[in-house]
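The values are calculated or read from the model by the stated rules, or taken from the named source; none is laboratory data. The structure displayed is predicted, hence computed values, not measured ones. So basically every Cβ, Gly included, is an ideal-geometry build from the backbone, and we count neighbours across all protein chains shown.
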Amino acid sequence: MIDEILKDADQRMQKSIESMRSEMAKIRTGRASPALIDHLTVDYYGTATPINQVANISVQDARTLAVQPWEKNMVPVIEKAILEANLGVNPVTTGDLIRIPMPALTEERRREMVKVAAAEGESGKVAIRNIRRDANNDFKSLLKEKEISEDEDKRAHDRIQQITDKYVEDVDHIVAEKEAEILQV
């Protein structure tokens, strides 16, 4: 019973880390990354479809993304979606290729992006702590129903805290990496 709760908590914490990583990928660093526009959707024959399912997204050089739609009629639709996303970029269309030059970030904008990354990291930590709280409540209810002893309850609380500490450390590491990436000129 305890192992099931711990395993479930571990899996949920891992999903929180993965979710945080995908959110961190969306934060602009001044370097071209397909993750910046992967989450955008376009109207593809009446259906909201992610850009990466209607076009090939590649990195041309360190500061330029190239979007190659599979159908020529998708060029203006994709360009409009990129403009409406307010990413701070201006796509340039040449025939059936959309180039997205990444403007260099100012020092002030870099500091703002670091704050955004830190806030994202804090959200990840809160999610992990909420999972720990849920697991601890499950342990308390098992103790109350006399399904586990007080010693087992104490060991379970210690183990969930160890798991939580590991994931919080992972969050700190991810945030530190992203901050270094943002501040790198």
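Does ARG110 satisfy the condition of being assigned to a helix (DSSP H, G or I) and surrounded by 13 or more Cβ atoms within 10 Å (Cβ to Cβ)?
Spelling it out, ARG110 is indeed assigned to a helix (DSSP H, G or I) and surrounded by 13 or more Cβ atoms within 10 Å (Cβ to Cβ).
Take the residues of region 48-77 that are among the β-branched types (Val, Ile, Thr) and out of contact with any Ser or Thr (no Cβ under 9 Å at 6 or more places or on another chain): which is surrounded by the fewest Cβ atoms within 10 Å (Cβ to Cβ)?
Across region 48-77, the extreme among qualifying residues is THR64.
Test ARG31 against the stated conditions and say whether it is at pLDDT 85 or above and basic (Lys, Arg).
Answer is no for this residue.
Looking only at region 1-59, which residues are among the β-branched types (Val, Ile, Thr), in a helix (DSSP H, G or I) and out of contact with any strand residue (DSSP E or B) (no Cβ under 7 Å at 6 or more places or on another chain)?
Across region 1-59, the qualifying residues are ILE2, ILE5, ILE17.
Under 8 Å by Cβ, and 6 or more places apart or on different chains, what pairs join a residue from region 112-129 that is closer than 11 Å to GLU179 by Cβ and modelled with pLDDT under 90 with one that is among the hydroxyl-bearing types (Ser, Thr, Tyr) and part of a helix (DSSP H, G or I)?
Qualifying pairs under 8 Å: none.
Please verify whether region 97-107 includes one or more residues that are in a helix (DSSP H, G or I), farther than 30 Å from MET1 by Cβ and of a type outside the set (D, E, K, R).
no
Name the residues in region 22-75 that are polar (S, T, N, Q) and touching a Phe, Trp or Tyr at 6+ places or on another chain (Cβ under 9 Å), would you?
Correct list: GLN53, ASN56.
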